[in-house]
Amino acid sequence: MELESAPCWAYLLACSDGTYYAGWTDNLDRRLAAHNRGTGAKYTRSRRPVRLVYREPCATRGEAMEREAWLKTLTHRQKDRLVAIGQGKRPLSGPRLLVWDFNGTILDDAALGQKVVGIMLARRGLPPLGPRRYREIFDFPVEGYYRKAGFDLEGEPFSRLAEEYMALYLAGWQDCPLQKGALSALRLARKLGISQIILSATQQKMLENQVAQLHLDSYFDQLVGTGDIHARGKLEEGRAWMAQRGCSPGEILYIGDTLHDAQMARDLGVACVLVPGGHQSPGRLRQAEGAVVLDRPGRLPAYLSSLFFLGEGR
């Protein structure tokens, strides 16, 4: 089991009558002691002693409650499997490598992106861009999205717009939160020994700096960014990395927040799950061919759990 501290935990107890109890806590030792004193929960009071057989680190209380709710949906047999996998007695199902998009998928920066473009439009006397419109037109290549937003790329070079965007973005990105569910999903995968990388259109050095400032370095085997600030070349970087590592596409799951990510996954020949709440609307994401689209970003840990523990979800 993971030895690191965490703000909260979801957990399973094995009771003396052979049943399981699922709960959440911000202090495992104290909560387990309470259960064995008979003050932890009505269910465990008559089923003592209880043993902690599975624990999962969570980023927030809300995510811990969601993970507890997921644990309670499992059958007794599924809980047996989860516990056996957690103790190394059974092999994991599902992917062996998670390929993460960064912006919008891990870092919740869509609101900042909309704000920055709004400032740029205002400087040119152009109409503002609201959140709904932003998510309906955001796309790759970025040049096409800029045209839809109202910029005149014939009269003003894209490179100048990209530099202006980056200056404004860099001044505000530190205030962006992580996407809901992302940190708990990262922790779950690390606990299970699943390899993780980031494949991003962000310039390489900037990506490295952002991940370091967010204290997420330890979750990833590699960060794969691009060579400039123009958000181009993500597919080529991904193909080169997979070829270098000799990865089997059937062992990879791509996690993103845009139709571009779904297309990337198809071009790489790997499975894909899309997280809403990023840079594109849920309605647009549902147009993605072959991708699983979650109903909300906080569902990602439960989706990964269904793959790793139960062999379901795809």
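The values are calculated or read from the model by the stated rules, or taken from the named source; none is laboratory data. Not measured: the values here are computed from a predicted model. Methodologically, a virtual Cβ is constructed for each residue, glycine included, from the backbone with ideal geometry; neighbour enumeration extends over all protein chains shown. Surface accessibility is based on the protein's heavy atoms, side chains included, excluding ligands, DNA and RNA. Shrake-Rupley method; radii C 1.70, N 1.55, O 1.52, S 1.80 Å.
Of all residues in the range 269-295 being of a type in the set (A, V, I, L, M, F, W, C) and in contact (Cβ under 8 Å) with a residue 60 or more places away in the chain, which is nearest to Arg135 (Cα to Cα)? Checked the range 269-295; the qualifying residue nearest to Arg135 (Cα to Cα) is Val275.
Here's the yes/no breakdown for (1) surrounded by 15 or more Cβ atoms within 10 Å (Cβ to Cβ); (2) touching a residue at least 60 places away in the same chain (Cβ under 8 Å); (3) under 14 Å from Tyr169 (Cβ atoms):
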site	(1), (2), (3)
Ile106	yes, yes, no
Ala110	yes, yes, yes
Val116	yes, no, yes
Leu121	yes, no, no
Arg124	no, no, no
Leu129	yes, no, no
Arg135	yes, yes, no
Glu143	yes, no, no
Gly155	no, no, no
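Among residues of the range 10-27 being open to solvent by less than 20 Å² (accessible area, probe 1.4 Å) and closer than 25 Å to Thr60 by Cβ, the one that is nearest to the chain's Cα centre (by Cα) is Ala10.
If you go through the range 85-102 and keep only what is modelled with pLDDT under 90 and either among the small types (Gly, Ala, Ser) or assigned to a loop (DSSP other than H, G, I, E, B) (or both), you end up with Gly86, Gln87, Gly88, Lys89, Arg90, Pro91, Leu92, Ser93, Gly94.
So that you can scan it fast, the table gives a plain yes or no per residue for (1) over 24 Å from Leu274 (Cα atoms); (2) of a type in the set (Asp, Glu); (3) within 20 Å of the chain's Cα centre (by Cα):
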| residue | (1), (2), (3) |
| --- | --- |
| Arg123 | yes, no, no |
| Lys148 | no, no, no |
| Phe151 | yes, no, no |
| Tyr165 | yes, no, no |
| Leu207 | no, no, yes |
| Val211 | no, no, yes |
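Here the condition is being closer than 28 Å to Glu63 by Cα, among the small types (Gly, Ala, Ser) and open to solvent by 50 Å² or more (accessible area, probe 1.4 Å); of Ser218, Ser200, Ser184, it holds for Ser218 alone.
Selection of helices (runs of 4 or more DSSP H) fully inside the range 138-199 by the criterion of at least 2 residues being over 19 Å from Leu214 (Cβ atoms) and out of contact with any Lys or Arg (no Cβ under 8 Å at 6 or more places or on another chain) returns 142-149, 158-170.
Restricted to the range 41-64, and to residues there that are at pLDDT 95 or above and part of a loop (DSSP other than H, G, I, E, B), the residue that is farthest from Lys191 (Cα to Cα) is Ser46.
Among the residues of the range 227-247, none qualifies, meaning not one is buried (at least 17 other Cβ atoms within 10 Å of the Cβ) and part of a strand (DSSP E or B).
Here Glu2, Glu68 are screened, and the one residue that is modelled with pLDDT under 95 and either in a helix (DSSP H, G or I) or not basic (Lys, Arg) (or both) is Glu2.
Being among the acidic types (Asp, Glu) and in a loop (DSSP other than H, G, I, E, B) holds for only one residue in Asp80, Asp17, Asp29, and it is Asp17.
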